[in-house]
Amino acid sequence: MAVQLDQQLLEILACPCPEHAPLAVGSPTDAEADALTCTSCGRIFPVQDGIPVLLLDEATGGPSDEQPAAAESGDEQD
């Protein structure tokens, strides 16, 4: 089911990351997903019961998913 939010609200909402970029409806792989995707960092925020959950800890994708892998590979090199 696609996210159904008021267009004015979508224009106001922004990613909580430092860039505060606009959010796009859906995910990169599914335009009908109950999610909002940051147009800058790529984080995907869930929409639960019609309410966007704009918490970085709840987001998937984006830089936060890449950092742990980089940290692990850094540990192996020491």
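Bear in mind that the values in this text are calculations on the coordinates, not laboratory data. Computed from a predicted structure; not experimentally measured. All Cβ positions, even for glycine, are placed from backbone atoms using ideal geometry, and neighbour counts span all protein chains on display.
Observations, loosely collected:
- The number of residues in region 48-65 being buried (at least 18 other Cβ atoms within 10 Å of the Cβ) and closer than 16 Å to ILE12 by Cα comes to 2.
- Against the list (1) within 16 Å of VAL3 (Cα to Cα); (2) surrounded by fewer than 18 Cβ atoms within 10 Å (Cβ to Cβ), the condition HIS20 fails is (1).
- Subset tally (residues that are within 14 Å of the chain's Cα centre (by Cα) and part of a loop (DSSP other than H, G, I, E, B)) for region 4-27: 10
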